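Below you'll find the structure, written out as structure tokens, and then a few comments.
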Amino acid sequence: MKRSLILAALLACTTAMAESPVAIAIHGGAGTILPENMTAEREKAIRSALEQSIRAGHEVLEAGGPSLEAVATALRVLEDAPEFNAGRGAVLTNTGTVEMDASIMDGRTLNAGAVASVKRIRHPIDAAKRVLHDSPHVMLMGEGAMSFAEEHGLEFKDEDWFITDFRREQLESIQADEQAATQLSEDWYSTVGAVALDADGNLAAATSTGGMANKRWGRVGDSPIIGAGTYADNRSCAVSATGHGEFFIRHVVAYSICSLMRHGGATLHEAADSIINGTLKELGADGGVIAIDAEGHIAMPFNTAGMYRATIDTEGQLQIAIYRDE
Ligand code: ASP
């Protein structure tokens, strides 16, 4: 009797798990990412940060937590990892400062939060999440966003904490060769992002970045723009983008992918692929997206040599990849 009760409980548990799949995908940017440009040491650090990030996000989902918290948790890890262009290790502006952008969206309610051009906030993604939860607004920028973050007790660090030698040298070499300033390279673009499906069937997306190296005039890219760099809607999908932000804004990339699914009847893969390898590629606009739908399908198209990426799918399988053919 006792035994059959245990069996029944186990069965119920397994069925519940099968009925409520969870899944998560993350990216650390797309660009001219080739094995010959990579040192073994850098590749190891990148793979390890990706693994740590996706496992942290997945743990939240496995514990029954919301996708909104899972994507923020995954991004906090990448914002702290100096290898990526977000938080610590973010690219430098024309004057050598760090100005960061982030956004997050809840696919259940369509609530969203974003910050643009913020400085010294350790986790810009948390600032965006606070905007979503604790303000009547969607986007805050600059000094005002920083005051808001301070009032809500977010952690600040000295600007030096964010700046790595790698980024200092990168800025020097860009400024020494203005010709290079017009080209896209992996070192210039490597935003981080996450999308997830939780056990309640809710989708969420989040993106965080230092933007474009050597940027000036308060330039802001697609990452904090809801619809361009980030979008989530339970009725279609959740998307986080990386790439040449100006094009992603003009083509409202994240929203367009969701809209092709919802209104155009496309599958997740068809929708994501047609924007990245169709619309954007035809324009010469480099980049990629990670996207997930309500069934936990994951698409990660990119039109560059590589994209730092990782997934834990509905079967619990972990995959980490950097180059095209992985
Ligand atoms: N999309 C970001 C921007 O334009 C850069 C990136 O994805 O790395 O600011």
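The values are calculated or read from the model by the stated rules, or taken from the named source; none is laboratory data. The structure presented is a predicted model; accordingly, all values stated were derived computationally and were not measured. Cβ: placed from backbone, ideal geometry, glycine included. Neighbour counts: every protein chain shown. Heads up: the accessible areas ignore ligands, DNA and RNA and are worked out on the full protein's heavy atoms, side chains in. Shrake-Rupley method; radii C 1.70, N 1.55, O 1.52, S 1.80 Å.
What the table below lists for this structure:
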read-out	value
Cα Rg, Dmax, the chain, angstrom units	19.2, 78
Rounded tilt (10° steps) of 2-19 against the dominant C-alpha axis of the chain	40
The range 20-164, accessible surface, carbon-and-sulfur percent (1.4 angstrom probe)	47
Solution diffusion estimate, µm²/s, Stokes-Einstein, the range 227-326, Kirkwood Rh from C-alpha pairs, 4 °C, viscosity 1.567 mPa s	97
Estimated [θ] at 222 nm from DSSP helical runs (n ≥ 4, -39500 (n - 2.57)) normalised by residues in the chain, nearest 500	-10500 deg cm²/dmol
Accessible area of Arg122 in the full protein assembly, 1.4 Å probe (Å², nearest 10)	60
Tyr323 - accessible surface, heavy atoms, 1.4 Å probe, Å² rounded to 10	30
Relative contact order (%) - criterion: Cα under 8 Å, at least six apart; region: the range 161-291	20
Percent RCO, i.e. relative contact order, over the chain, from Cα pairs under 8 Å lying at least 6 residues apart	24
Translational diffusion coefficient (Stokes-Einstein; Kirkwood radius from C-alpha pairs) of the range 109-157 at 20 °C, 1.002 mPa s, in µm²/s	208
Segment Arg235-Asn37, length gained on full extension (0.36 nm per residue, minus Cα span)	67.2 nm
Helix 253-262 axis, angle to the chain major axis (alpha carbon atoms, nearest 10°)	30
Whole-Å distance, taken between Cα centres, linking the range 186-260 and the range 33-87	16
Label-point separation, Phe156 to Asp325 (7 Å along Cα→Cβ), nm	5.1
Using alpha-carbon coordinates, inclination of helix 40-62 to the longest axis of the chain, degrees	40
